[in-house]
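> Below: one structure in structure tokens.
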Amino acid sequence: MSEAQTINPDAEAKALPRLNAEQYARGILAADRVLLGRAITLLESTLPRDKALARAVLALCEPHAGGALRLAVTGAPGTGKSSLIERLGQYLIERDHRVAVLTTDPSSVHTGGSILGDKTRMPGLAGLDSAFIRPSPSSGMLGGVTQGTRHAITLCEAAGYDVVLVETVGVGQSETAAREVADIVLLLVLAGAGDALQAIKRGIMEVADIIAVAKADGNAVAPSRAAQRAYQRALRLYPVGPTGIRTRVLTCSAITGDGVDTVWEAAQAYKEAAEISGYYARNRARQRSAHFKDAVLKALCADFLSHPAIGTRLEALQAAVASGERSTWDAIQILLEMYRSP
Ligand SMILES: Nc1nc2c(ncn2[C@@H]2O[C@H](COP(=O)(O)OP(=O)(O)OP(=O)(O)O)[C@@H](O)[C@H]2O)c(=O)[nH]1
Ligand SMILES: [Mg+2]
């Protein structure tokens, strides 16, 4: 057998029958976890025909979405996000919730997921019927990580999950991602001298709706309480933000389970207060409008780059700008004129 025969690019496509958008949507609405997983994989595909199908599936699911509480769990690498999500997920399922877990984990892109694989799989949660876990949407996902997560949330909500937990590592971009997709941002921190001050300097207090000092067990119980007080003191320096709700600081442990109930109660209390103040709906509207603007810019950019005349000219102009032959502004004007002319 020749190599060309053994390496068959269509092998995967043949293994799974191709479905149309209605079949995907019907499966998702019937809470079929396999189809939900396959639909999210479809969102990650870069093939043009898959993109069109993914959009059609989204359009069919969107009217059924919006019903879940979207809680982002963020924090520096290793602060215990996955462990807490697993424990909280189990706690919620015991109380008849249906829980979807999505991770937007840039570190697993670097490590290929090998180091974090075990934790993101969340074995204690994955075996439960009311749980759906989807690790690490790739950066190639339709519209990037933030939009990819938004779309995955839409599909999970259409499948009837009423709590969506999103894990994001608190480094730069992904913190913004948490803000853009979640109703509530839960920031995990660890006990340690001066950490509250560091947090202020790095501007992370503003990102959080609720702060939890994680791993508050064993010898760490007393330092965690001290850290809780330090964060509470630090927060008094801040005015109440646009939510109108004061950030609460809690302690919790994924190992003992202590404080997991308090984290959920704080999330519930936050949601109720935000609904009463109107912030909850305003935040969702803001997210939809930001998402729309983002999508418009992306569509425009794709249309610009696929313009038949622009592709070749762009490279030549880029070289001319690089060599100093043309000014940047000049080159932009030339491209825009080409784009505007029919
Ligand atoms: N003592 C203690 N250790 C914990 C707790 N939660 C997590 N850990 C440990 O901390 C380490 C990191 O936990 P993860 O849950 O993977 O942390 P994470 O924030 O998801 O990590 P990344 O996804 O890599 O950023 C693991 O070795 C866990 O066993 C806890 O509540 N108490
Ligand atoms: Mg993790």
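> Using alpha carbons only, how many angstrom separate the centre of region 21-99 from the centre of region 195-272?
Here the answer is 27 Å between Cα centres.
> Here is the link list: Lys271/Lys293; Lys51/Lys81; Lys81/Lys298; Lys81/Lys271. Which ones come out longer than 29 Å on Cα distance? Can you show the working numbers first?
Numbers: Lys271/Lys293 26 Å; Lys51/Lys81 31 Å; Lys81/Lys298 31 Å; Lys81/Lys271 21 Å.
In this structure, Lys51/Lys81; Lys81/Lys298 lie more than 29 Å apart at Cα.
> Now for a different question. Mind checking the per residue accessible area of region 232-332 for me, 1.4 Å probe, whole number of Å²? Each step should come with its number before you reach the end.
Numbers: 6380 Å² over 101 residues.
Each residue of region 232-332 exposes 63 Å² on average to a 1.4 Å probe.
The values are calculated or read from the model by the stated rules, or taken from the named source; none is laboratory data. Computed from a predicted model, the values in this text were never measured in an experiment. Ligands, DNA and RNA are stripped out before the accessible areas are found, and what is left, the full protein with its side chains, is counted by its heavy atoms. Shrake-Rupley method; radii C 1.70, N 1.55, O 1.52, S 1.80 Å.
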